[in-house]
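Below you'll find the structure I mean.
The values are calculated or read from the model by the stated rules, or taken from the named source; none is laboratory data. Computed from a predicted model, the values in this text were never measured in an experiment. All Cβ positions, even for glycine, are placed from backbone atoms using ideal geometry, and neighbour counts span all protein chains on display. Heads up: the accessible areas ignore ligands, DNA and RNA and are worked out on the full protein's heavy atoms, side chains in. Shrake-Rupley method; radii C 1.70, N 1.55, O 1.52, S 1.80 Å.
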Amino acid sequence: MILYVLFLKFTTVQRNTFLFTLLIIVVTIIASMIAWPSGPNLNIPTFNISKELKIHEGLDLKGGTQLTYQADLSSISYKEQADAVSGVINIIDYRINQLGVAEPIIQSSGQDKIIVELPGINDINQAINLIGKTAQLKFMAEPATPNNETSMTDPAWWTPTELTGANLKKADIQIDSQTNKPVVTLEFNDQGKELFAQLTRENMQKKIAIFLDNALISYPTVQTEITDGNAIIEGSFSMEQAKNLKIQLNSGALPVPVKLISQSNIGATLGNEAMKTSVIAGLIGFLLIVLFLLINYRIPGLLASIALTIYILISISIFKLIPVTITLAGAAAFILSIGMAVDANILIFERTKEELRTGKILRSAIEAGFNRAWSSIRDANFSTLITCAILWFVGTGTIRGFALTLAIGVLVSMFSAITITRTFLRLFFGNNDNSQVFGIKQS
């Protein structure tokens, strides 16, 4: 109660400083726990959240194999090629997960190339053989007598049919005019139309299972006989769920052969050495920055160094929470963002020193310094964020990792400079009019 009464007597600036100080303390404690190498894992049973909090190393740090495939799109119309490649990526992702590969990176490059990165993979030949297969889409009927020794997710539970992905022209998405929800449409070729008509006629009010590479992706119930070769799969789909099902169906309906065009292996020894070198370089750079701040700005430089340490803890915590896969390029981006965080502090301090030279008292000069520096900090950082966005959308692999890591670093650095450093300066110098803390002696 006494603390509350005292809090009410504070000025608005003092209240904000007090609240932000508490926020910084809480954030720092949480960030320190997460950033610590053996920090606790995230486990919230109430929300069904269980996550291992660790730094995810990229292929160049952990070692492994990079495979580059080229999809044969010669038989695919131009407007369907993007969906065909998306379907191939979806299938490769499913197959790689069957191998138990941790944190694979699978992405398109250009119009027809697909890059697969497999950190820590041992049996590369198994991966190559598995990835190279064309996707198999199968339609199966609900059995009259289910096999109780298997589950519905097992193809053995269902009855095989002659209808396959070779009979499916394409899948698409439409919006139901009555429910305003997305539905997935199927269009079969002439042979598929006859097979599907027979399948629906013989399985009224029963389920038809759709398997992709022996994985159950949908099992709609037949409502009526369909003779025109056009079917609709209804359900409580979100647009994202409907899009995923469409891609899965088309990946089997449009069997796209892929050819391995390059393979490169990266040893874990090289990655470990590169990581050690990066960490040492980062530590040396950080210590030199702290030394520079202390020499040039004295106590404010010390406060900025503390803020910079908190910035590093918050950034590492975000990398572990998302998680961000750290590559050598990502490590370079992080080190670069540290320099940008320091740059923001230097702009603020130099603006503050300019205000002190005009005769302002310290606390007024600090506020004016932040206000005058903000536009420069904002414009510089937003320009960098725009560049990061461009790199993310047009780049691949390492470039996208660099862009994401740098963008996170820039956003956190803005919070560090504008909130943490400002709060520290207000906390320590809010009632201090001695300009000599910045090395400026007023006449």
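Sort out which residues of segment 98-124 are among the polar types (S, T, N, Q), modelled with pLDDT under 80 and over 23 Å from LEU212 (Cβ atoms), and write them in order of number.
ASN122
Do we find that GLN205 is free of Cβ contacts under 8 Å to residues at least 12 places away in the same chain and of a type outside the set (A, V, I, L, M) in this structure?
Here the answer is no, as GLN205 does not meet what is asked.
Hey, can you tell me all the residues within segment 158-172 that are acidic (Asp, Glu) and more than 17 Å from GLU80 (Cβ to Cβ)?
Result: GLU162, single match.
Taking segment 132-178 on its own, how many of its residues are more than 30 Å from LEU67 (Cβ to Cβ) and open to solvent by 80 Å² or more (accessible area, probe 1.4 Å)?
11
Out of SER251, SER278, report the one residue that is under 30 Å from LEU186 (Cβ atoms), polar (S, T, N, Q), open to solvent by less than 60 Å² (accessible area, probe 1.4 Å) and in a helix (DSSP H, G or I). Write out each step before concluding.
Working: SER278 fails: under 30 Å from LEU186 (Cβ atoms).
It is SER251.
Determine the pairs where a residue that is among the β-branched types (Val, Ile, Thr), located within segment 311-336, has a partner that is assigned to a strand (DSSP E or B) and open to solvent by less than 30 Å² (accessible area, probe 1.4 Å) with Cβ atoms under 8 Å apart, the partner being 6 or more residues away or on another chain.
These pairs meet every condition: VAL324/HIS56; THR325/HIS56; ILE326/HIS56.
Give me the helices (runs of 4 or more DSSP H) completely within segment 338-443, filtered to those with at least 2 residues that are open to solvent by less than 10 Å² (accessible area, probe 1.4 Å), modelled with pLDDT of 90 or more and not polar (S, T, N, Q), ordered by residue number.
Helices (runs of 4 or more DSSP H) meeting the threshold: 362-394, 398-415.
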